[in-house]
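J.: Have a look at the structure that comes next, please.
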Amino acid sequence: MPSVVSYLEDGSVVVGEEAKRLASRDPANTFYSVKRFLGRDRGDPAAEEDIRRVAYSVDADEDGCLRLVCPNVEGGFLYPEEVSAHVLDALLNRVEEAKGFRPTKAVIGVPAYFTEEAREATEQAGLLAGLEVVRLVHEPVAAALAYGLDLKEDQTVMVFDLGGGTYDISVLEVGNGVIEVLATGGDAHLGGDDWDAALAQWISRNELKPRGVDVESPRIRANVRKLAEMAKIQLTDSAEVVLRMPVGPGGEPVSVRITRQLLEEASVDLFRRARLAIDAACWQAGVDLGASFLEGEVRRGKRVAKSEKLTRTPRSKGDGARRQPISEVLLVGGATRMPAIARFVRNMTGVEPRGAALVDPDQAVALGAAVQAGIFQGEVEDLMVMSPWKAALMRAFARRAIEGGALDDMEWEDSDDDGEGGSDGEGAGGDMVVEDGDGKDVASKGEGAGAT
């Protein structure tokens, strides 16, 4: 279900596909990409760029917190978490209709780069929807949980998660029921919506403005963006499409021919930004990339991976771990269906990405969140998620203990982990206990923190 919400004059709220159809007719009261504004304030320069990309209006309250201008609601504005709550409420309604009960608790996926303010806003959205938010789990980690049940051998896995409004990268080690998070990253201002916006901008600048169309009109902007998204989707399976847009100065239709190559050329800067996040995550994880994406190849319409061989020598990290190059790439999010995304990732990593053959990219995060919920409920066993700080601590402790001969008869026990890249909160679990052969505690971390 698309995370699009439209507020009607009669006070009713429409969510999903129907709201998307209303976007071009009533852009001022229809909201999308709201996740980008969660926990943000007006002083954030990146927020200003996001505001320029949407057809609706965004302002700030007296404290500087961003809010969405909505003429059809009492007071004239909404906070982003209120819109997100309506999306959650619509999902709960679907569950109730299909299963006959309404969930009261939830595990919710959030982008890996979310700030504490954005995470708090997400929890608030859950509360507004009547949910107790049991845990927030990073979306790439949730996706890996969905795939991880099918990955038995030890592998270094990259999760490339490109949704409508967010972009996450995670590098993980997966195998034997353990998922170790080596690094997470992403871009808070990059998502499939930006490919729509880039194509819409090209159409407005090169096709409509020269014909006298008022491309700054909110109605025209919303209509062009909607058609740009339709073109992007159709270009997944077709080399070119012809758009007929009723946006001429007199309302007459304007025909525009769009090719797949044109879409890719219009979005070269987006691929550059995506590359930066991959480079940063792999560097942090100590993983060697097998190839590089040649930006110039996009402009020439070529898709050839760099010729250098994949380096097979493991790289050592400061915590004592030795990493292999990427062995699997998982594509997550509807925007990864664009053919250029798979080529881009293959050229960056030297690995053919896997996606819909295992798990629907649109459902991977939700399935992984369900797995995380199953872990909490005790319904999923023999599966553990380790965050980067925990894995590093375990390795460092083990290395020092081994050097001192203290681990000859010890066993490791890890009670729980939040599946996130940050530190555990109070009561969030994450205990690490080392026991000797007689069951005596040798060392522990996080005393008093129990499994959820």
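The values are calculated or read from the model by the stated rules, or taken from the named source; none is laboratory data. What you see is a predicted model, and the numbers here were worked out from it, not measured in a lab. Cβ coordinates were reconstructed from backbone atoms using ideal geometry, including for glycine residues, and neighbour counts include every protein chain displayed.
Table: residues versus (1) part of a helix (DSSP H, G or I); (2) surrounded by fewer than 23 Cβ atoms within 10 Å (Cβ to Cβ).
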position	(1), (2)
Ala85	yes, yes
Ala125	yes, no
Val133	no, yes
Tyr147	yes, no
Ala198	yes, yes
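J.: Given Ala112, Ala121, Ala129, which one is small (Gly, Ala, Ser) and in contact with a Ser or Thr (Cβ under 7 Å, 6 or more places away or on another chain)? Let's see the steps before the verdict.
T.: Values: Ala121 fails: in contact with a Ser or Thr (Cβ under 7 Å, 6 or more places away or on another chain); Ala129 fails: in contact with a Ser or Thr (Cβ under 7 Å, 6 or more places away or on another chain).
Answer to the selection: Ala112.
J.: Every residue in segment 39-57 that is more than 16 Å from Arg221 (Cα to Cα) and either more than 22 Å from the chain's Cα centre (by Cα) or part of a strand (DSSP E or B) (or both), please.
T.: Asp41, Arg42, Gly43, listed by residue number.
J.: Here are some residues: Asn206, Asn176. Which one is under 30 Å from Ile326 (Cβ atoms) and either surrounded by fewer than 20 Cβ atoms within 10 Å (Cβ to Cβ) or at pLDDT below 85 (or both)?
T.: When all the criteria are applied, what remains is Asn176.
J.: Within the group Glu153, Glu81, Glu139, which residue is among the acidic types (Asp, Glu), at pLDDT below 90 and crowded, with 16+ Cβ neighbours inside 10 Å?
T.: Glu139 is the lone residue from the list that is among the acidic types (Asp, Glu), at pLDDT below 90 and crowded, with 16+ Cβ neighbours inside 10 Å.
J.: Given the options Asp10, Asp44, Asp59, name the one that is out of contact with any helix residue (DSSP H, G or I) (no Cβ under 7 Å at 6 or more places or on another chain), surrounded by fewer than 20 Cβ atoms within 10 Å (Cβ to Cβ), in contact (Cβ under 8 Å) with a residue 12 or more places away in the chain and at negative phi.
T.: Numbers: Asp10 fails: in contact (Cβ under 8 Å) with a residue 12 or more places away in the chain; Asp44 fails: in contact (Cβ under 8 Å) with a residue 12 or more places away in the chain.
Going through Asp10, Asp44, Asp59 in turn, the sole match is Asp59.
J.: Looking at segment 365-381, can you tell me whether even one residue there is polar (S, T, N, Q), modelled with pLDDT of 80 or more and part of a loop (DSSP other than H, G, I, E, B)?
T.: For segment 365-381, residues polar (S, T, N, Q), modelled with pLDDT of 80 or more and part of a loop (DSSP other than H, G, I, E, B): absent.
J.: Also, quick follow-up: Can you pull out the residues in segment 221-233 that are of a type outside the set (A, V, I, L, M) and within 17 Å of Gly333 (Cα to Cα)? Reasoning before the result, please.
T.: Within segment 221-233, the subset of a type outside the set (A, V, I, L, M) is 221, 223, 225-226, 229, 232.
Within segment 221-233, Glu229, Lys232 qualify.
J.: Has segment 223-240 got any residue that is of a type in the set (D, E, K, R), buried (at least 16 other Cβ atoms within 10 Å of the Cβ) and farther than 30 Å from Tyr147 by Cα?
T.: To start, the set of residues in segment 223-240 that are of a type in the set (D, E, K, R) comprises 225-226, 229, 232, 237, 240.
Then drop every residue that is not buried (at least 16 other Cβ atoms within 10 Å of the Cβ), which leaves 225-226, 229, 232.
Keeping just the survivors that are farther than 30 Å from Tyr147 by Cα gives 225-226.
Looking for residues that are of a type in the set (D, E, K, R), buried (at least 16 other Cβ atoms within 10 Å of the Cβ) and farther than 30 Å from Tyr147 by Cα, one finds at least one in segment 223-240, hence yes.
J.: Exactly one of (1) touching a Phe, Trp or Tyr at 6+ places or on another chain (Cβ under 9 Å); (2) crowded, with 21+ Cβ neighbours inside 10 Å; (3) within 27 Å of Tyr113 (Cα to Cα) is unmet by Val15. Its number?
T.: All conditions are met except number (1).
J.: Additional query: Do you know which of the residues in segment 8-38 that are at pLDDT 90 or above and among the small types (Gly, Ala, Ser) is farthest from the chain's Cα centre (by Cα)?
T.: Here the answer is Gly11.
J.: Filter segment 261-270 down to residues that are surrounded by fewer than 20 Cβ atoms within 10 Å (Cβ to Cβ) and either under 15 Å from Val345 (Cα atoms) or modelled with pLDDT under 90 (or both), then give me how many there are.
T.: 1
J.: Condition first: out of contact with any strand residue (DSSP E or B) (no Cβ under 7 Å at 6 or more places or on another chain) and of a type outside the set (A, V, I, L, M). Can you find one or more residues in segment 141-148 that meet it?
T.: no
J.: Among the residues of segment 108-124, count how many are free of Cβ contacts under 8 Å to residues at least 60 places away in the same chain and in contact with a helix residue (DSSP H, G or I) (Cβ under 6 Å, 6 or more places away or on another chain).
T.: Counting residues in segment 108-124 that are free of Cβ contacts under 8 Å to residues at least 60 places away in the same chain and in contact with a helix residue (DSSP H, G or I) (Cβ under 6 Å, 6 or more places away or on another chain) gives 2.
Here is a yes/no grid of residues against (1) without any contact (Cβ under 8 Å) to a residue 60 or more places away in the chain; (2) in a strand (DSSP E or B); (3) touching a Gly at 6+ places or on another chain (Cβ under 6 Å):
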residue: Leu208; (1), (2), (3): yes, no, no
residue: Val215; (1), (2), (3): yes, no, no
residue: Arg221; (1), (2), (3): no, no, no
residue: Lys226; (1), (2), (3): no, no, no
residue: Ala231; (1), (2), (3): yes, no, no
residue: Ser238; (1), (2), (3): yes, no, no
residue: Val241; (1), (2), (3): yes, yes, no
residue: Ile258; (1), (2), (3): yes, yes, no
